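What follows draws every value from the coordinates through simple rules; no lab data is involved. Nothing here was measured: the structure is a model prediction, and the numbers come from that model. Every residue, glycine as well, gets a Cβ built from its backbone with ideal geometry; the counts of neighbours run over all protein chains shown.
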Amino acid sequence: MASNSKNIFKEILKKEGLRYTQQRQLVWDELKNSHDHRDAENIYMCIRNNGLNVSRATVYRTIDVLVKNRLVRKMDVGDGRNRFEPRLNDDHHDHMICQNTGDIIEFFNEELEILQEKIANDLGYTVVRHVHQLFVKPLTK
Ligand SMILES: [Zn+2]
């Protein structure tokens, strides 16, 4: 599995006309080994904090390529800083964003998935993909 995702990454770089480098691999490793929803700057800092030398430009560029080739999901959570998460096994989930803390909570609801498809079907369509985000705040007692 690990070597497989490495090969996929190499193929994608080739397709994009980019050289495979250790630096670009570090960016992909950092993304795929985490389930966090982080912005590009945060991913960059995590790599640097591990004592690894990667330029900011390489990080941003590599993330763009990963998003374009669907290895990474880009999320606009409404604060001007896109968040990124790996989408390797393509487990579908939606997100809740807490307006107080900025926490991003994942959820999946089968009924909601079925309902969305029904709504589309009733209007003569089928759902190809969807982005479902709930902006929430903690319940107050
Ligand atoms: Zn997520």
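If only one of Leu88, Leu18 is within 16 Å of the ligand (Cβ to nearest atom) and surrounded by fewer than 16 Cβ atoms within 10 Å (Cβ to Cβ), which one is it?
On the way: Leu18 fails: within 16 Å of the ligand (Cβ to nearest atom).
Step by step, each of Leu88, Leu18 is checked, and only Leu88 is within 16 Å of the ligand (Cβ to nearest atom) and surrounded by fewer than 16 Cβ atoms within 10 Å (Cβ to Cβ).
Could you count how many residues in the range 86-141 are part of a loop (DSSP other than H, G, I, E, B) and farther than 27 Å from Val67 by Cβ? Step through it out loud before you land on a result.
Going residue by residue through the range 86-141, those that are part of a loop (DSSP other than H, G, I, E, B) are 87-93, 99-103, 108-109, 123-132, 137-141.
Imposing the further condition that a residue be farther than 27 Å from Val67 by Cβ reduces the set to 100, 123-124, 137-141.
Adding up the residues that qualify gives 8.
Inspect all residues belonging to the range 33-40 and state whether any of them is hydrophobic (A, V, I, L, M, F, W, C), under 19 Å from Asn53 (Cα atoms) and surrounded by 15 or more Cβ atoms within 10 Å (Cβ to Cβ). Give the derivation first.
Of the range 33-40, the ones hydrophobic (A, V, I, L, M, F, W, C) are 40.
Then drop every residue that is not under 19 Å from Asn53 (Cα atoms), which leaves 40.
Now narrow it down to the ones that are surrounded by 15 or more Cβ atoms within 10 Å (Cβ to Cβ): 40.
Yes, the range 33-40 contains a residue that is hydrophobic (A, V, I, L, M, F, W, C), under 19 Å from Asn53 (Cα atoms) and surrounded by 15 or more Cβ atoms within 10 Å (Cβ to Cβ).
Condition first: without any contact (Cβ under 8 Å) to a residue 12 or more places away in the chain, under 24 Å from Val27 (Cβ atoms) and among the basic types (Lys, Arg). Now tell me which residues in the range 69-119 satisfy that.
Lys74
For Ile104, state whether it is of a type in the set (Val, Ile, Thr), in contact with a His (Cβ under 8 Å, 6 or more places away or on another chain) and surrounded by 11 or more Cβ atoms within 10 Å (Cβ to Cβ).
Values: of a type in the set (Val, Ile, Thr): yes; in contact with a His (Cβ under 8 Å, 6 or more places away or on another chain): yes; surrounded by 11 or more Cβ atoms within 10 Å (Cβ to Cβ): yes.
Yes; evaluated as a whole, the condition is true for this residue.
Output the residue which, of all residues in the range 41-69 that are within 16 Å of the ligand (Cβ to nearest atom) and among the hydrophobic types (A, V, I, L, M, F, W, C), is nearest to the chain's Cα centre (by Cα). Can you show your working first?
Initial filter on the range 41-69 (within 16 Å of the ligand (Cβ to nearest atom)): 42-43, 63, 66-67.
Still in the running and among the hydrophobic types (A, V, I, L, M, F, W, C): 43, 63, 66-67.
Details: Ile43: 12, Ile63: 9, Leu66: 9, Val67: 7 Å.
Checking each candidate, the answer is Val67.
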